[in-house]
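Inspection log for the structure reproduced underneath, given as structure tokens.
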Amino acid sequence: MTIDVARARAETPGTRHVTHFNNAGAALPPQPVIDAVAEHLELEARIGGYEAAARNALRLENTYDAVAALLNASREEIALVESATVAWGMAFNALSFGPGDRILTARAEYSANIIPFLQTARRTGAVVEVIPNDERGQTSVEALEAMIDERVRLIAITHIPTNGGLVNPAAAIGRVARRHGIPYLLDACQAVGQMPLDVEELGCDFLSATGRKFLRGPRGTGFLYVRKSWLDRIEPHTLDLHGATLVAPDRYEMRPDARRFEMWESNVAARIGLGVAVDYALSWGLEAIRDRAFALADGLRAQLSAVPGVTVHDLGTERCAIVTFTVDGAASARVKAALGEQGINVSVSTAPSTRFDMDARGLTDLVRASPHYYNDEDEVERLVAAVRAL
């Protein structure tokens, strides 16, 4: 299957107003997602929030089915939450650590994950260790294997980091985790929506993701996958009357499914929109989306690399639809502002977002351009011409 770019752009109203290369931040939503969210909000305004939720209950339930299909999981393994950060924290904080327990993570790990690691290390005496990279700049599976011992209690990596096109070898890491019986937490925040994800192939026990990025869903949406075999082994750090039932004055029982990780109050309109976004992505096909987005990124890398004074900084054997670069003599924030004045959206990655990796490479900031399948080649050329003119 190939992407009908003209149709994708026609169904994306934002393409008529901006050249959007910030899909790794928040993608432009397609019209069906916009309609789904607006329709539910209008229904809430007409008949009331509780009543609208009851009337659209089946549409909300569809979101669980859609996310399960996206990941090759079962609906009982899916929890809907407010963001990838919430999803990741729900999983991590449900695990137990003690003195000397080892948490292994990637050099390109997102700093929002490193901080909870360090909090847990300070509180429990656990230790955080970084898996070295291989010669291509991705997490070394060989080095990981050599680090395994009986004290390793968690392997947690970011599949695709926020600061570059690297795609970490998540499935190979999953095979190591399974072979040694170690829980595996995968941050798929940047991966979901731009490439196929199969939790059986990946071998992860927990996976966190967002709706707003390459999945093209509403902001304030995310989801957590919890492998069924773990549901009876962990308890969320916080439960409410949605995740558990008070069955006696001194006893509660948790839900049997992953929704124990949810809270009762939520943005119903946004969650319905998330389900529509997932169905929309599935209708195009994640393989087709990957092929189109990756090809646009490869073309952008090649063209930027040919511009004098521009350096592309992406690593890895497989590179995704995130392109990072610097311009000699121009701070990344200034490059972003200059492009923004021309209606071209990009983002900036700074050292604090991926401290281990950026410090190791001596980088302070990068311009991040992230194309998606609804971008076209003319937009790529426009971006490159604007950078060349700086």
Scan the range 242-253 and tell me whether some residue there is touching a Ser or Thr at 6+ places or on another chain (Cβ under 8 Å) and modelled with pLDDT of 95 or more. yes
For the range 313-352, what are the residues that are surrounded by fewer than 18 Cβ atoms within 10 Å (Cβ to Cβ), small (G, A, S) and touching a residue at least 60 places away in the same chain (Cβ under 8 Å)? A330, G343
Restricting attention to the range 267-278, which residues are in a helix (DSSP H, G or I) and surrounded by fewer than 19 Cβ atoms within 10 Å (Cβ to Cβ)? none
When R123 is evaluated against the numbered criteria (1) surrounded by fewer than 21 Cβ atoms within 10 Å (Cβ to Cβ); (2) more than 26 Å from F261 (Cα to Cα); (3) not β-branched (V, I, T), which criterion, by number, is the only one it fails? (2)
Candidate set from the range 6-56 (those that are of a type in the set (G, A, S) and exposed (fewer than 13 other Cβ atoms within 10 Å of the Cβ)); member that is nearest to R219 (Cα to Cα): A38
Report yes if E145 is part of a helix (DSSP H, G or I) and more than 24 Å from G275 (Cβ to Cβ), otherwise no. yes
Might you check whether a residue that is surrounded by fewer than 19 Cβ atoms within 10 Å (Cβ to Cβ), over 17 Å from Q190 (Cβ atoms) and either polar (S, T, N, Q) or at pLDDT below 95 (or both) occurs anywhere in the range 85-99? yes
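Take T120 and tell me if it is in the same structural domain as D187 (by TED's automatic domain parsing), assigned to a strand (DSSP E or B) and of a type in the set (S, T, Y).
no
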So in the range 24-44, with the set limited to residues that are part of a loop (DSSP other than H, G, I, E, B) and touching a helix residue (DSSP H, G or I) at 6+ places or on another chain (Cβ under 6 Å), which one is farthest from L282 (Cα to Cα)? L28
Yes or no: R59 closer than 13 Å to A269 by Cα, in a helix (DSSP H, G or I), among the charged types (D, E, K, R) and at pLDDT 95 or above? yes
Is it true that some residue in the range 209-231 is in contact (Cβ under 8 Å) with a residue 24 or more places away in the chain, in a loop (DSSP other than H, G, I, E, B), in the same structural domain as N168 (by TED's automatic domain parsing) and more than 21 Å from the chain's Cα centre (by Cα)? yes
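Considering each of D187, D205 in turn, give the residue that is crowded, with 21+ Cβ neighbours inside 10 Å, within 22 Å of S96 (Cβ to Cβ) and in contact with a Lys or Arg (Cβ under 6 Å, 6 or more places away or on another chain).
On the way: D187 fails: in contact with a Lys or Arg (Cβ under 6 Å, 6 or more places away or on another chain).
The unique qualifying residue is D205.
The values are calculated or read from the model by the stated rules, or taken from the named source; none is laboratory data. The model shown is predicted, which means the values in this text are computed figures rather than measured ones. Note that we place each Cβ from the backbone using ideal geometry, even for glycine, and neighbour counts take in every protein chain shown.
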